[in-house]
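Written out below as structure tokens is the structure these notes cover.
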Amino acid sequence: MDVKDIDLKLKSIVGDSNKKYLLAISGGADSVALLDVCASLGYDFIIAHCNFNLRGEESLRDEMYVRDLAKKYKKPIYVVSFDTINYSEVNNCSIEMAARDLRYNWFNELLIEHKCEYILVAHHMGDVVETALINLIRGTGIKGLKGISQINDKVVRPLLDYSKDDILKYLKSRNIDFCDDSSNFETDYTRNKIRLNIIPEFEKINPSFKRTMYENTKRFSEIEVLFNERVQEVLNDITSYSADRILISIEKLKNTNAKNTVLYELLKRYGFNNLLVDEIISSLDSLSGKYFDSKSHRLVKDRDSLILYKLSDLSNKEYIFDSSIDIPVNISVKLFKADDYSIKRDKNIACFDAEKVTMPLKLRKWKQGDYFFPFGMKGRKKKLSDFFADNKFSLKDKEDCWLVCSGDRIIWIVGYRGDDNSKITNSTRNVLELKFNI
């Protein structure tokens with residue numbers, strides 16, 4: 001392990017080494033080596049140590065050892081004690097995830113408080129290989145196959161090019177002790193099973209397996225760049241944007257190579273998994289109206305497009321309102337003398353004979369069986385489903401549409417058509433104006 005090479009590597013990642021760092025030091029071989037390297041290079045840094053209280057006396061031993069290291073290297077040290085098990089139970093997550101959340105949240109607080117620019121952690125080549133294998137087992141794309149990145153926002157990993165053996169040799173040459181974490185030798189955790197049981201089997205076939213896999217992950221990182229560029233080119237061609245929705249051309253998608261992959265790369269950020277994407281692709285030749293939901297979004301199969309939009313918290317609610325009641329939907333109510341009123345040519349404004357409308361009003365979404373008496377049809381009834389069909393409403397258009405009701409009577413399909421029975425006539429004395437503010 002070459003100290004000068006690590007210095008050059010860090011400079012290539014963060015620009016230069018004339019910065020202040022936070023070093024995450026556990027007391028194990030990897031982090032102790034990182035500490036000694038940074039001290040040898042004269043870096044400005046503070047030490048941060050987390051006691052997760054998972055190994056009894058051993059956890060306390062590690063904490064005391066790191067405190068002693070801070071004295072030896074004459075560096076400021078900050079130590080925190082976590083109730084990791086309680087956090088795991090309260091947040092319904094694994095011990096590993098709990099420990100990760102706790103330490104990085106605390107590291108970021110220290111980063112700001114002590115004006116450090118980066119967090120340095122001691123992940124090495126073996127960690128990269130283990131992570132890639134874990135991702136492969138669980139199911140992953142190219143991003144997962146590249147393992148661990150050398151920089152992720154403020155977290156930098158300058159030792160990734162070195163193996164565990166390299167680190168141990170370095171510590172031996174410097175006559176530096178470290179603490180062994182006994183949990184690293186237990187096979188209760190997935191990562192340990194891979195490290196202790198699976199990787200040794202691969203090394204029987206290829207003694208340089210870790211180095212080979214590490215080189216593979218670097219190639220996957222480069223492939224990912226090309227992959228993302230090409231996927232974005234395709235997405236730019238097959239998608240368009242309209243207000244709060246994304247439209248995906250069904251024809252162009254069907255003619256796209258690797259369409260499942262392309263669609264997944266678009267939809268994964270909105271909570272859709274591979275299984276849902278496969279179902280969507282299978283539905284491309286089906287009738288319009290079919291839809292697929294993630295926790296946050298809905299994708300609707302329309303005539304020529306797949307329509308993606310955010311699920312609204314307001315979609316199934318009803319609101320009672322008048323000029324004095326505020327509701328989450330921005331609609332205003334005003335009363336005018338008929339002689340002083342002029343009709344507005346605005347689809348988001350509707351006016352009615354105030355004496356034909358019962359207050360307060362109700363704002364709601366449509367439901368099956370709804371009907372109204374469209375303005376201009378001289379009192380003839382029309383089903384809303386027929387009105388929607390005549391005006392070529394997509395499922396998304398129907399879901400977005402608001403209805404204003406006077407009692408049980410629909411008086412306005414907001415933005416489209418008013419009620420003929422509530423219209424202004426020559427005998428109207430007062431005008432009720434409704435304005436929907438987009």
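Every residue, every condition in (1) among the aromatic types (F, W, Y); (2) buried (at least 18 other Cβ atoms within 10 Å of the Cβ); (3) within 30 Å of K210 (Cα to Cα), yes or no:
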| site | (1), (2), (3) |
| --- | --- |
| R100 | no, no, yes |
| N108 | no, no, no |
| E113 | no, no, no |
| Y118 | yes, yes, yes |
| V128 | no, yes, yes |
| T131 | no, yes, yes |
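On the given criteria, is I280 assigned to a strand (DSSP E or B), among the β-branched types (V, I, T) and in contact with a Lys or Arg (Cβ under 9 Å, 6 or more places away or on another chain)?
Judged against the criteria, I280 is not a match.
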Between residues in region 64-82 that are assigned by TED's automatic domain parsing to the domain that holds L22 and residues that are of a type in the set (S, T, N, Q), which pairs lie under 8 Å by C-beta distance while being six or more apart or on different chains? V66/S26; V79/N51; V80/N51; S81/N51; S81/N53; F82/N51; F82/N53
Picking from L35, L10, which residue would you name as being of a type in the set (A, V, I, L, M, F, W, C), touching a Pro at 6+ places or on another chain (Cβ under 7 Å) and in a helix (DSSP H, G or I)? L10
Take region 33-54 and flag every residue that is touching a Leu at 6+ places or on another chain (Cβ under 7 Å) and closer than 16 Å to D180 by Cβ. A33
Restricting region 63-95 to residues that are touching a Leu at 6+ places or on another chain (Cβ under 8 Å) and assigned to a helix (DSSP H, G or I), the residue that is surrounded by the fewest Cβ atoms within 10 Å (Cβ to Cβ): I85
So which residues in region 385-438 are closer than 15 Å to K334 by Cα and either without any contact (Cβ under 8 Å) to a residue 24 or more places away in the chain or of a type in the set (D, E, K, R) (or both), if there are any at all? R429, E433, K435
Might you let me know whether region 375-398 holds any residue that is of a type in the set (A, V, I, L, M), touching a Leu at 6+ places or on another chain (Cβ under 8 Å) and assigned to a loop (DSSP other than H, G, I, E, B)? no
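Of all the residues that make up region 334-369, how many are outside any strand (DSSP E or B), touching a helix residue (DSSP H, G or I) at 6+ places or on another chain (Cβ under 8 Å) and crowded, with 17+ Cβ neighbours inside 10 Å?
Taking region 334-369 as the starting set, the residues that turn out to be outside any strand (DSSP E or B) are 338-348, 354-360, 365-369.
In the following step, the residues that additionally are touching a helix residue (DSSP H, G or I) at 6+ places or on another chain (Cβ under 8 Å) were identified as 356-357, 365-366, 368.
Applying the additional criterion that residues be crowded, with 17+ Cβ neighbours inside 10 Å yields 356-357, 365-366.
The total comes to 4.
Do we find that F272 is touching a Phe, Trp or Tyr at 6+ places or on another chain (Cβ under 8 Å), within 30 Å of F388 (Cα to Cα) and assigned to a loop (DSSP other than H, G, I, E, B) in this structure? Give the derivation first.
Working: touching a Phe, Trp or Tyr at 6+ places or on another chain (Cβ under 8 Å): yes; within 30 Å of F388 (Cα to Cα): yes; assigned to a loop (DSSP other than H, G, I, E, B): yes.
So F272 fits the description; yes.
In region 150-169, is there at least one residue being within 30 Å of L275 (Cβ to Cβ), surrounded by 15 or more Cβ atoms within 10 Å (Cβ to Cβ) and touching a residue at least 24 places away in the same chain (Cβ under 8 Å)?
So in region 150-169, the residues within 30 Å of L275 (Cβ to Cβ) come out as 152.
Now drop any that are not surrounded by 15 or more Cβ atoms within 10 Å (Cβ to Cβ), which leaves none.
Within region 150-169, none of the residues are within 30 Å of L275 (Cβ to Cβ), surrounded by 15 or more Cβ atoms within 10 Å (Cβ to Cβ) and touching a residue at least 24 places away in the same chain (Cβ under 8 Å).
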Being surrounded by 11 or more Cβ atoms within 10 Å (Cβ to Cβ) and either outside the structural domain of S282 (by TED's automatic domain parsing) or modelled with pLDDT of 95 or more (or both) narrows it down to one of L247, L226, L253, so name that one. L253
Pairs, please: C-beta under 7 Å, at least 6 apart or cross-chain, first residue of a type in the set (K, R) and in region 289-303, second at pLDDT 90 or above and part of a loop (DSSP other than H, G, I, E, B)? K290/S283; K295/G271; K301/S283
Going through F393, F372 one at a time, which residue ends up being buried (at least 17 other Cβ atoms within 10 Å of the Cβ), aromatic (F, W, Y), touching a Lys or Arg at 6+ places or on another chain (Cβ under 7 Å) and at negative phi? F372
Answer yes or no: is there a residue in region 343-351 that is over 20 Å from A243 (Cβ atoms) and either at pLDDT 90 or above or assigned by TED's automatic domain parsing to the domain that holds S249 (or both). yes
In region 6-20, what residues are surrounded by fewer than 23 Cβ atoms within 10 Å (Cβ to Cβ) and in contact (Cβ under 8 Å) with a residue 40 or more places away in the chain? I6, K9, I13, V14, K19, K20
Do we find a residue being buried (at least 18 other Cβ atoms within 10 Å of the Cβ), in contact with a Cys (Cβ under 8 Å, 6 or more places away or on another chain), part of a helix (DSSP H, G or I) and assigned by TED's automatic domain parsing to the domain that holds K164 anywhere in region 48-62? yes
Need the failing condition index for C93 against (1) closer than 30 Å to L266 by Cβ; (2) in contact (Cβ under 8 Å) with a residue 12 or more places away in the chain; (3) not basic (K, R), just the number. (2)
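The values are calculated or read from the model by the stated rules, or taken from the named source; none is laboratory data. Small disclaimer: the values here were computed from a predicted structure and weren't measured. Methodologically, a virtual Cβ is constructed for each residue, glycine included, from the backbone with ideal geometry; neighbour enumeration extends over all protein chains shown.
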